[in-house]
1. Collect the residues in the stretch 128-170 that are assigned to a strand (DSSP E or B), under 13 Å from the mean Cα position of the chain (by Cα) and surrounded by 23 or more Cβ atoms within 10 Å (Cβ to Cβ), keeping them in residue-number order.
2. Applying the selection to the stretch 106-115, what residues are crowded, with 23+ Cβ neighbours inside 10 Å and in a loop (DSSP other than H, G, I, E, B)?
3. Tell me which of these residue 212 doesn't satisfy, since it passes every other one: (1) in a loop (DSSP other than H, G, I, E, B); (2) modelled with pLDDT of 95 or more; (3) farther than 21 Å from residue 108 by Cα.
4. Find the residue count for the stretch 54-77, including only residues that are over 17 Å from residue 89 (Cα atoms) and touching a residue at least 40 places away in the same chain (Cβ under 8 Å).
5. Within the group 153, 170, which residue is within 23 Å of residue 17 (Cα to Cα), modelled with pLDDT under 95 and in the same structural domain as residue 115 (by TED's automatic domain parsing)?
6. Kindly list the number of the only condition in (1) out of contact with any strand residue (DSSP E or B) (no Cβ under 7 Å at 6 or more places or on another chain); (2) more than 27 Å from residue 169 (Cβ to Cβ) that fails for residue 53.
7. Going through the stretch 64-105 one residue at a time, which ones are surrounded by 14 or more Cβ atoms within 10 Å (Cβ to Cβ) and assigned to a helix (DSSP H, G or I)?
8. Among the residues in the stretch 49-63, are any in contact with a helix residue (DSSP H, G or I) (Cβ under 8 Å, 6 or more places away or on another chain), modelled with pLDDT of 95 or more, buried (at least 17 other Cβ atoms within 10 Å of the Cβ) and not in a strand (DSSP E or B)?
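The values are calculated or read from the model by the stated rules, or taken from the named source; none is laboratory data. Being a predicted model, the structure only gives us computed values, none of them experimental. Virtual Cβ from ideal backbone geometry, glycine too; neighbours counted across all protein chains shown.
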């Protein structure tokens, strides 16, 4: 089965997964919409479909054959674990970039990355694998965003910022140009980051300061 004909499953059934389906359903790409075959979850699925889309377990989804998956889970560690498990099943990580996103030149976007509406990804930025870029987020020129990182919406990542792997950045945060945020760090909602953030550190506030 070729990639263009491969059926798509949305892994997850929380708010993020239902938002993702809404953007696909109401978008202009009818071919993409028609390829979505199911939501897939761990645990007991609901009996009824959601907006006409069935909710299946991983084992039930095996009946769909070779599928492309969109990982609709926001927590970075879960994204890393689940992507490895789904890859091991022979499923193929897909990308979703909403039609309203503004994309620069010399931009690289890794497999499995999801970009929601009204985002801008500037020239010469490098976005890793399985990154979540939620709505209204702006990523400046020459930024590097590590794999499995979640940018939770309305975020301003200014030019030359480096964000490591599995970082969680809360909605509305602002990252000052040229700063580095280490692997596994957490930046709280609405925070303004003027200084580098160490790996594993949690910062919050304006200016952002370590918690604890």
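1. Step one: filter the stretch 128-170 for residues assigned to a strand (DSSP E or B), giving 132-133, 138-139, 144-145, 150-151, 156-157, 162-163, 168-169.
Pick out the ones that are also under 13 Å from the mean Cα position of the chain (by Cα) and you get 132-133, 145, 150-151, 168-169.
Residues satisfying the conditions are 132, 133, 145, 150, 151, 169.
2. Passing the criteria: 112, 113.
3. Among (1) in a loop (DSSP other than H, G, I, E, B); (2) modelled with pLDDT of 95 or more; (3) farther than 21 Å from residue 108 by Cα, residue 212 violates only (2).
4. Total satisfying the criteria: 7.
5. From the options 153, 170, the qualifying one is 153.
6. All conditions are met except number (1).
7. 64, 76, 78, 79, 80, 82, 83, 86, 87
8. No, the stretch 49-63 contains no residue that is in contact with a helix residue (DSSP H, G or I) (Cβ under 8 Å, 6 or more places away or on another chain), modelled with pLDDT of 95 or more, buried (at least 17 other Cβ atoms within 10 Å of the Cβ) and not in a strand (DSSP E or B).
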